[in-house]
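Visitor: Before anything else, here's the structure in question.
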Amino acid sequence: MASANTSWSEENFSCPICLDVFSRPVSTPCGHNFCGSCINKFWDGQVQCKCPVCNKIFDTRPDPQINIFVSEMADQFRTTVRVKEQPCFEPVDIPCDVCTGTQLTAVKSCLMCFTSYCQTHLEPHQRVASLEKHRLVEPMDRLLLGKIEAEVQQMIEERKLKIKEIKDTVEIRKKDADGVIADGGQVFTALIHRVEKCRDDFNQTVKEGLKTTEKQAEDLIKELEQEIEDLTNRSLEVKPLSHTKDHLHFLQTFRSLTDPPPTRDWRTVEVRPPSYAGTLRRSLDQLEETLNMEMKKRPDSELKRVQQYEVDVTLDPDTAYPKLILSEDGKQVHDGGEEKKLPDNPKRFTRYTCVLTRQSFSSGRFYFEVQVKDKTGWCLGVARESIDRKSWTKWNPETGYWTLSHYKDVLLFSDDPDVHLPLRAELQKVGVFVDYDEGLVSFYDVEARVHIYSDTGCTFTEPLYPIFYPGSCQKGTNSAPLIISPVNQTD
């Protein structure tokens, strides 16, 4: 291999991130070179992976390989500079921490970088504005121990912050649990009161039925006793005639005794048992009605609880299907009818008339509201980052979509099979709530303040984006936009 051109400056072999000579240089798909550790640290702090030089965005995080040619050229340049600038240095006890291979003598130590530098590697500290503020001192032995200590302290602080984050999460969940318990307590208290009242009413109904039966039986018994008394008296009147010898008196008296006292035909008489048919059923129906009324009240407090997780989201034009028209503030979208010629973008939908938001969510809870007033067809919800945007796909959680749809007077949650829901009259605004960690997606009728549907037990493993499908505009119908609306908790 030819030797390095010593007329080249260090800029030809400097990493654009750390501004130092390349260390294990790697190449990105767009052709730019960086230190392997520098580009990886840079991407670790980014939501989307892009090139720091040309800002090209990569759909997936690249796995850059070491550029052998640049690596060898950087090593030769580094060696040439050392020989040229510091030919007389002798090894000492405090070597340069940056040098690879033969370590040159450190001329300064940086108390902020916790690193000792030779003259060559000290140069960025004398040129770069941010590094010029670092405190440089005479070379210090065992300076790396300070670095290790600082790293350990940083790890400790990071773990303390994590502990605080966990405690804060538990505190939030505790408040949520208290709220749910309070709401549930109100429902169960009302239900217990209703159960007790239904029980008392049921018992009273049964007792009144028994009382009526007892009164009927008492009246029949009195009537029977009266007949017994009348018949007994008749018997007493008849008995003396059996001993009389006065035939004329017998005949005269017998005529009056031949007509028995008025009595009832008791063969068909019985005590009518009370009918309790339907009594228990009516009581249970009343309980069900009470429970339904209490549950209708519950979504109002539930909606208030989820509304506190409101997020500010705006539509991403780079993802919008070419026919869609977005408002300047990124809060509205509707079908423009004609496809525009737009730059090819891997993020753009080319089959579905959809658009995503700029913001994505990979943890915690979030909530947003969308106005659907005056629309005849629409779909909205959340979708995972890796959905297929270039071909036809069945929308359901399996393919990465959790959406509520309205079309031709049908309201449904897209699943396999779809879940058909009761169509709510005058549905004007839909609230969408996601608990990423709990795997929950819920939809609400904001104006009516009632729950529409929830998909539970979801598994989220990648960022989620709010997704909007405003539906096609046909002959002036369905021309109204979907509007991301601010949350008004006083509704």
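Visitor: Considering only region 331-358, state which residues are in contact with an Asp or Glu (Cβ under 8 Å, 6 or more places away or on another chain), open to solvent by less than 40 Å² (accessible area, probe 1.4 Å) and of a type outside the set (Ser, Thr, Tyr).
Guide: Those that are in contact with an Asp or Glu (Cβ under 8 Å, 6 or more places away or on another chain), open to solvent by less than 40 Å² (accessible area, probe 1.4 Å) and of a type outside the set (Ser, Thr, Tyr): ASN345, LYS347, ARG348, VAL355, LEU356.
Visitor: Right, something else. Going residue by residue through region 410-422, is there one that turns out to be within 18 Å of the chain's Cα centre (by Cα), charged (D, E, K, R) and open to solvent by less than 10 Å² (accessible area, probe 1.4 Å)?
Guide: The answer is no; no qualifying residue exists.
Visitor: Conditions first: (1) more than 17 Å from THR353 (Cβ to Cβ); (2) touching a strand residue (DSSP E or B) at 6+ places or on another chain (Cβ under 7 Å); (3) open to solvent by 60 Å² or more (accessible area, probe 1.4 Å). VAL430 passes all but one, so which condition is the exception?
Guide: (3)
Visitor: Confirm whether SER472 is under 15 Å from THR353 (Cβ atoms), in contact with a strand residue (DSSP E or B) (Cβ under 7 Å, 6 or more places away or on another chain), open to solvent by 30 Å² or more (accessible area, probe 1.4 Å) and not in a helix (DSSP H, G or I).
Guide: Criteria met by SER472.
For every residue, the table says whether it meets (1) assigned to a loop (DSSP other than H, G, I, E, B); (2) of a type in the set (Phe, Trp, Tyr); (3) under 24 Å from the mean Cα position of the chain (by Cα).
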{"site": "LEU303", "(1), (2), (3)": "no, no, yes"}
{"site": "VAL306", "(1), (2), (3)": "no, no, yes"}
{"site": "VAL313", "(1), (2), (3)": "yes, no, yes"}
{"site": "TYR321", "(1), (2), (3)": "yes, yes, no"}
{"site": "GLY330", "(1), (2), (3)": "yes, no, yes"}
{"site": "VAL333", "(1), (2), (3)": "no, no, yes"}
{"site": "LEU342", "(1), (2), (3)": "yes, no, no"}
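Visitor: May I ask you to say which residue of ARG298, ARG255 is at pLDDT below 70 and either under 30 Å from VAL487 (Cα atoms) or among the polar types (S, T, N, Q) (or both)?
Guide: Answer to the check: ARG298.
Visitor: Quick check on region 321-336. Is at least one of its residues in contact with a Gly (Cβ under 8 Å, 6 or more places away or on another chain) and over 18 Å from VAL372 (Cβ atoms)?
Guide: Among the residues of region 321-336, at least one is in contact with a Gly (Cβ under 8 Å, 6 or more places away or on another chain) and over 18 Å from VAL372 (Cβ atoms), which makes the answer yes.
Visitor: Of (1) crowded, with 17+ Cβ neighbours inside 10 Å; (2) in contact with a Cys (Cβ under 8 Å, 6 or more places away or on another chain), ARG449 satisfies all except one. Which?
Guide: (2)
Visitor: Inspect region 268-287 for any residue being modelled with pLDDT under 65 and part of a helix (DSSP H, G or I) and give the result as yes or no.
Guide: no
Visitor: What residue, among those in region 108-133 that are part of a loop (DSSP other than H, G, I, E, B) and open to solvent by less than 40 Å² (accessible area, probe 1.4 Å), is nearest to ILE17 (Cα to Cα)?
Guide: Only one residue tops the list, namely VAL128.
Visitor: Now for a separate question. So is PRO397 surrounded by fewer than 17 Cβ atoms within 10 Å (Cβ to Cβ) and out of contact with any strand residue (DSSP E or B) (no Cβ under 6 Å at 6 or more places or on another chain) or not?
Guide: no
The values are calculated or read from the model by the stated rules, or taken from the named source; none is laboratory data. Keep in mind that what you see is a predicted model, and the values were worked out from it rather than measured. Every residue, glycine among them, receives a Cβ derived from its backbone with ideal geometry; neighbour counts consider all protein chains shown. Surface areas here come from the heavy atoms of the whole protein model, side chains and all, with no ligands, DNA or RNA. Shrake-Rupley method; radii C 1.70, N 1.55, O 1.52, S 1.80 Å.
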